[in-house]
Amino acid sequence: MNHKIILLFFMTTIWIHGGAQVKYTLSGLIKEAESGEALIGANVFILEQNIGTNTNNYGFYSITVPASDSLTVSYSYLGHEPVVVRIPFDKNNSINLEMKQMVSALDEVVVTADQNDDNVSRAQMGSIEIPIAKIKELPTILGEQDVLKIIQLLPGVQAGNEGTTGFYVRGGNADQNLVQLDEAVVYNPNHLFGLFSAFNTRAINNVNLIKGGFPAQYGGRLSSILDISMKEGNVKRFGAEGGIGLISTQLTLEGPIKKEEASFIISGRRTYFDWMIKPFLSKSVKTNYAFYDFNAKVNWKIGENDHVYFSAFKGNDDALYSQDGIEYNILFGNQTGTLRWNHVFGPRLFLNTSIISNQYLQDISALQDNAFSSVISEIKDISGKMEFQFYPSPDHQIKFGGHYFDHRFRSAGEAKVGSGSNQGTDLVTDSIPVKNMSEAALYINDDIRLNENVSANLGLRIPAFLSSSVNYIRIEPRLAVKVQLSNNSSLKGSYTLMNQFLHLIPSTTASVPTDIWIPSTQHTKPQESQQYSLGWYKNFNNNQIETNVEAYYKTMKNQVLFKEGNQLVRSLDVDNLLVYGKGWSYGAEFFVKKKTGRLTGWVAYTLSWTNQQFKYLNYGKQFPFRYDRRHDLSLVGTYDLNERWSLSATFVFSSGNTYTVPVGRTQVNHGGSLFEGNYFIYQARNNARLNPYHRLNFSATYKKQRKIFKKPYDSEWVVSFYNMYSRKNPYFIYFQVDPRTDKPTAKQVSLLPIIPSISYNFKF
């Protein structure tokens, strides 16, 4: 793709404006009536002009159309009662609106206004918003509602190991997903080794996943953007909600600091998993596992055009296991803080300015007899961001701004043998040298309607990575085009180029999270991907049923792995321990979603291929990616039996993960290794597959309004079954030598059988 042609086309089209006809602007804020929370992505549609727009991440909208005696404006948002207003339009207008939640109805919804057709009408593709209500409805494991578990049920997204929250998008690795909470990067969004995510759903307002056709305001990763926004807090009244599950309890408090002007929300979750397992352990076993997370946010409307937000997050996991001379100590956690200022310059120009701090620390050590190993990895970031949103006409929505990161890395590993009391290491976080790097980007993005049937999303991002030893500057063009085929169908295509300056080097064998983040260097060059996508979108039944098919092809350069046998490192200077290669992925995704009625849910199917090639691995031959799965199917459904009872189920099926099978074994004695006399011979990497994976989850929810101290509150009992028919899915394979034939045979390990759970939730 010729970057100069794209740049010329972009700069030519970005300034196209309508004719000389007098135009006025309608703008305002859309919020939820019950809480005052901003409604993100609410639909605003002018019936006479057949033109619409959506609210941004703060509920702000702006639309400019020709002057008229009057206009009919329709406001709609999923799960809320639509609002239709008629206004005079001979000057600029400002309408702030509060939308009421829709009263639950058992019959099919009677449509009083057009449903949102945003998925068909906009040029953006590869983007899916996840309703928080849907996250709360679906079956859970051990009663824990989880954002990342829902992400795994979407097309183009594959889960990692069974039961974990890791996700892999369109052939990319785990580090190629940018996960951010209120714009702050969360480097490890997991609890309990990935069994649960670090995000408390009761503190979340909106979740958006982008896996292709990336707008220019996003960058720094190759495969996906998971953008999570926290709630702002109820500005009208005090409220509390919480839940008690089998392994944790959580509580959320929110309310006004000053009614209609300022509010707060505080949400916390803590496990009692460590207390529960102690009675079942033998005296020879010493173990402890505790995790917690904490969210807080304050928002203050300091004037008609100014709004300030401060949000904070902290999550930690602390684990200990000791038995018969073996001891593991594992500590990892994240903390973030975001200070934002919104300013409305006028009906067409909106500004968001953010100052962000985030930190990730991982400290893992292991002791076996007199052999000790330790891995420490820490990242501290301070960043600033300014983004302008300009709405010159209904045919243009322009975003432009800049982002700056100051990275501080500490990362080291050590393994040694001690004796007597000299067991351990002098590796301490504060003693590890700090390496400073900077990352910056300028961007501009124009969502433009070229004519009645053709729209485009045109973007240009210029990222840079700066350090004392090496500097990288890149140019990233972004292009997405939509051609309207009919009122309810369209054809879309996109091209994106992405760069990633940080690398997560995964351990090749360890089962504990010893992955280490490192920056780009002169030898470890930035990762780069190019992705081409083509999609067909069509809606049915007045947009209540959405369907789409997307095909994609993605190439990935400068992929990084440890050389065989190298894991622990003493410092960030690990170039001589790494190998570099490339990867490519292609496939097709099918998605059908029903949004309204008693039965809601979706069907997602992905057919894909992902391969990698490294010069110094697998004899230089290509091999399938670990999570290369030919078929991936998800069925998700919720059915409302009546006003109190609802049933939910998810079914997943996927091809098995790849793994490496040895072709033989050789006897080596006195080799000075832990694997004395038991060396396997390998000829090809990832040359076999585990058995296919499939699982059914089911839950039943009973809701009832109750009273305490004569005050009503909503109560909810949820009974869930994970892996309902107790399928023995493969978790991993190990090899055992048959004493009769002296040949290695593969043994499958399955971890999670049927797991029933019950939880109780309440809301005041």
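Readers should treat all values here as calculations from the given coordinates under stated rules, not as data from a laboratory. Quick caveat, the model's predicted, so the values are computed rather than measured. With ideal geometry, Cβ positions are generated from the backbone for all residues, glycine too; neighbour counts draw on all protein chains shown.
How much length is gained on full extension from A67 to D306, taking 0.36 nm per residue of separation minus their Cα-Cα distance?
Fully extending the segment from A67 to D306 adds 83.2 nm.
Show me, for the range 483-490, the HN-Hα J-couplings you get by feeding each phi into the Karplus relation (A = 6.51, B = -1.76, C = 1.60, θ = phi - 60°), rounded to Hz, glycine and proline as x.
After applying 6.51 cos²θ - 1.76 cosθ + 1.60, I find 10, 6, 8, 7, 4, 10, 8, 7 Hz.
Step through the table entries K314/K710; K91/K297; K703/K728; K100/K231; K23/K301, compare each Cα-Cα distance with 25 Å, and write down the pairs that go over it. Can you show the working numbers first?
Numbers: K314/K710 36 Å; K91/K297 37 Å; K703/K728 33 Å; K100/K231 17 Å; K23/K301 30 Å.
Check vs 25 Å cut-off fails for K314/K710; K91/K297; K703/K728; K23/K301.
If we count every other residue with Cβ under 9 angstrom of G402's Cβ, Lys/Arg +1 and Asp/Glu -1, where does the sum land?
Surrounding charge for G402 is 0.
Counting only residues 5 or more places away or on other chains, whose amide H sits under 5 Å from the amide H of S726 once H atoms are built in the peptide plane?
Residues meeting the criterion, in which the H sits 1.01 Å from N, are I754.
For L752, L148, which order do you get if you count the other beta carbons within 10 Å of each Cβ and list the fewest first? Could the numbers behind the result be given before it?
Working: L752 17, L148 24.
Least crowded to most crowded, the residues run L752, L148.
Please compute the net charge surrounding A440, taking Lys and Arg as +1 and Asp and Glu as -1 over other residues with Cβ under 15 Å from its Cβ. Mind dumping the intermediate values first?
On the way: positive: K385, R461, R474; negative: D381, E387, D406, E439, E476.
Counting the neighbours of A440, the net charge comes to -2.
What's the exposure ranking of R474, R221, going from fewest to most Cβ atoms within 10 Å?
Numbers: R474 17, R221 25.
Ascending number of Cβ neighbours within 10 Å: R474, R221.
Quick one: what do you get for the chain if you divide its Cα Rg by 2.2 N^0.38 Å?
0.98
Once you've got the Cα coordinates, tell me which of K492/K557; K595/K707; K258/K763 are over 28 Å apart. Don't skip to the answer; put the middle values down first.
Working: K492/K557 26 Å; K595/K707 32 Å; K258/K763 22 Å.
In this structure, K595/K707 lie more than 28 Å apart at Cα.
What ranking, highest mean first, results for peptides 87-98, 133-144, 197-208 when packing means the other Cβ atoms within 10 Å averaged over each residue? Spell out each step's value before the answer.
Working: 87-98: 13.9, 133-144: 21.0, 197-208: 23.1.
Going by the mean number of other Cβ atoms within 10 Å, highest first, we get 197-208, 133-144, 87-98.
Which value in deg cm²/dmol, rounded to the nearest 500, describes the helix-derived mean residue ellipticity at 222 nm for the chain, given -39,500 (n - 2.57) per DSSP H run of n ≥ 4 and division by the residue count?
Mean residue ellipticity, 222 nm, calculated: -1000 deg cm²/dmol.
Which ³J(HN,Hα) values in Hz, rounded to whole numbers, follow from the phi angles of the range 300-307 under the Karplus curve 6.51 cos²θ - 1.76 cosθ + 1.60, where θ = phi - 60° and Gly and Pro get x?
Rounded to whole hertz, the list is 9, 8, 8, x, 4, 10, 10, 9.
Using the number of other C-beta atoms within 10 angstrom as an exposure proxy, rank V661, V375 with the fewest first.
V661, V375
Find the Rg to Rh ratio for the range 127-227, where Rh is the Kirkwood radius over alpha-carbon pairs and Rg uses the same atoms.
Expressed as Rg/Rh, it is 0.92.
With Cβ to Cβ distances under 9 Å as the rule, what net charge do the other residues near S411 carry (K, R +1; D, E -1)? Don't jump to the answer; show the numbers that get you there.
Details: positive: R410, K435; negative: E378.
Summing Lys/Arg as +1 and Asp/Glu as -1 gives +1.
Among the lysines, which fall within straight-line cross-link reach of K594, defined as a Cα-Cα distance under 16 Å, with same-chain neighbours fewer than 8 residues apart omitted?
Qualifying lysines at Cα under 16 Å: K134, K538.
So, by mean Cβ neighbours within 10 angstrom, what's the order for 583-590, 380-387 with the highest one leading?
583-590, 380-387
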